[in-house]
Every structure is written in structure tokens, then in C-alpha cells.
2 protein chains.
Amino acid sequence: MTDAQPSRPIPVAAGGEKISFRDVKAEIRRRIEQRVWAPGDLVPGEVELAEEFGCARATVNRAMRELTEEGLVDRKRKAGTRVRMTPLRQARFEIPLVRAEITGAGAKYRYALLSREVQAAPPWLCARLALRADSRALHLTCLHSADGVPYQYEDRWISLVALPQAETADFQTRGPNEWLVEAVPYSEVEISFLACAATPGVAAALGLEPGEPVFTVERTTWWAGAALTLVRLSYERGHRMTTRY
Amino acid sequence: MTDAQPSRPIPVAAGGEKISFRDVKAEIRRRIEQRVWAPGDLVPGEVELAEEFGCARATVNRAMRELTEEGLVDRKRKAGTRVRMTPLRQARFEIPLVRAEITGAGAKYRYALLSREVQAAPPWLCARLALRADSRALHLTCLHSADGVPYQYEDRWISLVALPQAETADFQTRGPNEWLVEAVPYSEVEISFLACAATPGVAAALGLEPGEPVFTVERTTWWAGAALTLVRLSYERGHRMTTRY
DNA sequence: CAGTGGTCTAGACCACTAT
DNA sequence: TAGTGGTCTAGACCACTGA
């Protein structure tokens, strides 16, 4: 680990304009990407950079803080700031409501409730949601279509212990997801992406062959420490979640 | 859309301690989660909140800015800050190197190069990476194992136009990913998650039946506008990517 | 214990945009 | 055009941690 060269190429300040933290951030990023400061290098301190850029330390601080969040550098008090050996890569996906996903793509959204049943929560569900045995649960299956083509199959369990009002809610015209977002908008979520084989039910709803690979999202939702709902979303053939970073 | 109640329950300031932006953030979050401020409500302005909390406006500003990033509120100049009708949900996944993924789970990492071939890039690859026809490319397949069990199958193409030094690099002992991270640490990436059926090659390497569902990550990497590499990572049976938010 | 980042403040000016 | 958030500054004190 060598330290960075003194390297004072071009004080970015051009006109009489005031330096923004964005300018600082962009310049630091440039130096890292172009290896002016190589991985492992020690970056000059905030005071020094503030002098170089002709701005307040707080401005440099904000720039560096954001670069830290983005995984380019690593900061430690007293030790200083170093360019990460391996940039920390993180993918961010927005999780929209199906309706928004479909209408956003310019297609017509259609929702259908396929089945609805109140029953004792099966053991696997109790284990999964930390419910007491024989808790009651609402089991729903639904289909979301885009321009008449099946897009997403939803298999959902709602704990009637945590959400008794779900038993009388109307899921004929609106999906349970939308109902839940209104009933409990701010909750804690665990989400998983996985590939699994289409069960006969899923295959029938989505027009697939049983056993065909299905991209699946599984989401568990909690509020105030209590499990509310578990849902498996199975997507149409060839679906992918994509992002850039 | 009603406006939030005046609602001044408990000025958080307890002891003579200085208020942190974390305190402000936590309190605002609490009020939103517990519906003191309902979805759609207008939140008091920064000046007013600063008075309530007995801190500087900058402190409130930082708290609110972070809550904005986290998707709880929506801010517009002049219009003020509103609680989002639907919290903006976003899932963040860390993308580690396979080696870190495996050793991090306490297992022993093993790497094997299965095949290596220099050839003219096939048309589909040229299209995908915006290469000129007949560009040369390096095609590699590798297997990453955890405690001797196949964990991830890697099918990678590297553009020899953009990275000629890849032709002489040694991929016998270290995976191409690690080589790339050193050669071109800071690049632009497009990543997709999908489910696909195991091809015979994938199935053989991972010990699956052909046609079985495979969780797959596809990643394209660019630097300075030029495509460097395209990789498909196929995971062991039942693999899932999980995160909380 | 000394150096670096982390945070707060009080004040100022600016940019956007609803009205 | 006025009100709200967005950002910068200069200065201060603090917290962590490497030497």
C-alpha cells in the first residue's frame, strides 16, 4: 500500500463559481477511476482537500461521505481515507407495486382473485412467521396480467392474528398488496429472489409447463415485531430483474 | 390529503445532550410509522422542526434528506415535505466476490478453470456488447466450490479488443473475476437476476438434472464506454439472494 | 496522545416552484 | 413573488483509534 502521489493537477475551481460537493465528488471519483489514486492508496485529508478545492471542510466531508456510501473509499478516524482495494458493489432494485410495474411499461393492468380461504396456518407457515400453532390465516391466490397476458402469480398468506381486519377486506377488485400498503404502509421486510420449478398451479395460471423455471420473489413482512404476511410472487417466463450501478 | 396535526408530543431533548440528526431522524420515522403523520400529510418545515427539537436547521435537513433517500418522504421546494403515500421500496444487495461469499460462510473455497478458448466473438455477443463483427474474445468456463461442493458455475466472455492483456493472463489458479477486479476495478455494470433451465453443461458442472431451474446472475461490465466482459453465473440448487429493508 | 473524520451551529445566499 | 428546501461557510468540539 503506497500513499497517493502529491498529484495536484488542476484545482477544479474555474470561474468565480462556488465549489459544490458534487464537483468535489466528481473529481475525487475521476481520480479514483483513472487510478490517479490507486486501490489501497491513502487519500489526502479533508483539510488538505478543502484547501486544494478552495471550499469548506464540510463540503469535502459531504462528498467523501457519499463516496463512502457508494463503496469507493473506506474511512477511519485517525487512519484517514483509503481507496478501497475492491470497490464495494451493491445492486439496488426498486420494488414497485405490480400495478405500477405494468402500467409503467405502458400495458393495461388487470387483477383477478383466483382463490380465497380462511384456515388454520399450516405448520411450515407458523415456523416461518413465528406464529403460535393453530393461528388462523387467510390464504389468497391472485393473478396480475399485462394486456391480458398473465404476468405475475401471487400466492399470499396473511396472519389473521396480526391483521384480523383482513378477513373482511374485499380482495375481489384490488390486490392484497395494495390493501396491505394502505393498512400497514411502513413495515419491515425480508425479500428473497430465487429460481424454482413451476408447480401445477403456477404453471396453469401463467401458461407454463409444470417444472419450467420460474423467477420467484418471496417476501415476508413484519410490523412491530409481529409477522403480517408471506407472499410468493411467480413471474412470467423469462422475467428478469435488472439494474445498473 | 390533510395536513399533519400540530401534534407536539414530546420535544425529544431530554438531558443537556446535544441533539443528533439521528435523534431527529428516529423521531420523525417514529411519527410516520405510527401514523402521527399519515401518508400524504404535509410535514412541518425545517425551521419549525429545528425549533421543536432545539437544534440547527442543518441538523433537521440532514435527517430529512436521509429519510428522503430511504423513500419515506418526498420533498419539494416551496411545496414542503410530505409523507409518501406509498413508501418507496428498494432492495439493496451486496455483490461480493464468490471467494468472499464462500469463505464468509465459513466454507473452504476452491476454484477450477474448466475451459479456455480464444475465438471470434459470436454475433449474439457482438450485439450484446456492441462489438464490431469478428472482434476476438476470450471464452472461459469455471467452477467455484464450497467445501468441495459445486457452488457457482461461471460462463464468461472477455473482449480482447478492450482487454488484450487478458489473453496472456493466468486463469488457472485465480478466477477471471478477481483478475478483472484488479485490472479494471472501477467500472460500470449492468446486472440481471433471472431463472433459467440448466443447460447440459451447467447441469453437469453443478450436479443438476438438465432443465432444472437455476438461479442465474448475468452481468455486463463497461469501462469508458467500451464493453469489457459478459458473464453468466449459475448457482447451486435452491440458491437465493436475500436482503432486508 | 495526537491526528483524522464525525457532527453541530448560526448564518447566509440561492433555486425552485406553488400560488 | 414569497416560501420552502438545497447548499456553502467558518468555526467549534468531540470520538475514535493508530502510533
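Summary table below
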{"read-out": "For chain B, built as a Gaussian network whose Cα springs stay under 10 Å, the top-fluctuating residue of B:ALA205, B:ALA38, B:ALA226", "value": "B:ALA38"}
{"read-out": "Average silhouette area of the protein assembly as shown, convex hull of alpha-carbon atoms, in square nanometres", "value": "28.6"}
{"read-out": "Given charges at Cβ of Lys, Arg, Asp, Glu: chain B dipole, positive-most of B:LEU49, B:ALA130, B:ILE95", "value": "B:LEU49"}
{"read-out": "Residue order for A:LYS78, A:LYS18 - accessible surface, 1.4 angstrom probe, largest first", "value": "A:LYS78, A:LYS18"}
{"read-out": "Shortest-first distances to equivalent copies, position A:GLN34, nm, label 7 Å out along Cβ", "value": "5.3"}
{"read-out": "GNM top mover of A:GLU94, A:GLU190, A:GLU51 - chain A, alpha-carbon springs below 10 Å", "value": "A:GLU51"}
{"read-out": "Fluctuation leader among B:ALA130, B:ALA50, B:ALA107 - chain B, Gaussian network, Cα springs under 10 angstrom", "value": "B:ALA50"}
{"read-out": "Shortest-first distances to equivalent copies, position A:TYR245, nm, label 7 Å out along Cβ", "value": "1.1"}
{"read-out": "Tail weight of P(r) past 17 Å, computed on alpha-carbon pairs of segment B:149-229, percent", "value": "54"}
{"read-out": "Using a 7 Å Cα-to-Cβ projection, B:ARG116 label spacings across copies, nm, ascending", "value": "6.2"}
{"read-out": "Heavy-atom accessible area, 1.4 Å probe, ligands and nucleic acids excluded: residues of segment A:188-216 down by at least 20 Å² from chain alone", "value": "A:GLU188, A:VAL189, A:GLU190, A:ILE191, A:SER192, A:PHE193, A:LEU194, A:ALA195, A:PRO213, A:PHE215"}
{"read-out": "Per principal axis, descending, Cα span of segment A:63-127 in whole Å", "value": "60, 41, 18"}
{"read-out": "Accessible-area ranking of B:TRP157, B:TRP223, largest first, probe 1.4 Å", "value": "B:TRP223, B:TRP157"}
{"read-out": "Carbon plus sulfur fraction of accessible area for segment A:21-83, probe 1.4 Å, in percent", "value": "47"}
{"read-out": "Translational D in µm²/s for chain B (Stokes-Einstein at 10 °C, 1.306 mPa s, Kirkwood Rh from C-alpha pairs)", "value": "72"}
{"read-out": "Per-pair calculated FRET efficiency, R0 = 22 Å: B:ARG240 and B:GLU70 via Cβ, rounded to 0.05", "value": "0.35"}
{"read-out": "Rounded to whole Hz, the Karplus (6.51, -1.76, 1.60) HN-Hα couplings of segment B:226-241, x for glycine and proline", "value": "10, 6, 9, 7, 10, 9, 10, 10, 10, 9, 3, 4, x, 5, 9, 9"}
{"read-out": "Candidate lysines - alpha carbon under 23 Å from B:LYS76, same-chain residues fewer than 8 apart omitted", "value": "B:LYS25"}
{"read-out": "Residue-averaged beta-carbon neighbours from other chains (10 angstrom radius) around A:236-244", "value": "5"}
{"read-out": "Global geometry of segment B:21-83, whether rounded, prolate or oblate, following the gyration tensor of its Cα atoms and the 1.5 cut on a/c", "value": "rounded"}
{"read-out": "Magnitude of the charge dipole, chain B, Cβ model with Lys/Arg +1 and Asp/Glu -1, debye to 20", "value": "660"}
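The values are calculated or read from the model by the stated rules, or taken from the named source; none is laboratory data. Because the structure is a prediction, the values reported are computed rather than measured. With ideal geometry, Cβ positions are generated from the backbone for all residues, glycine too; neighbour counts draw on all protein chains shown. What goes into the accessible areas is simple: the full protein's heavy atoms, side chains included, and nothing from ligands, DNA or RNA. Shrake-Rupley method; radii C 1.70, N 1.55, O 1.52, S 1.80 Å.
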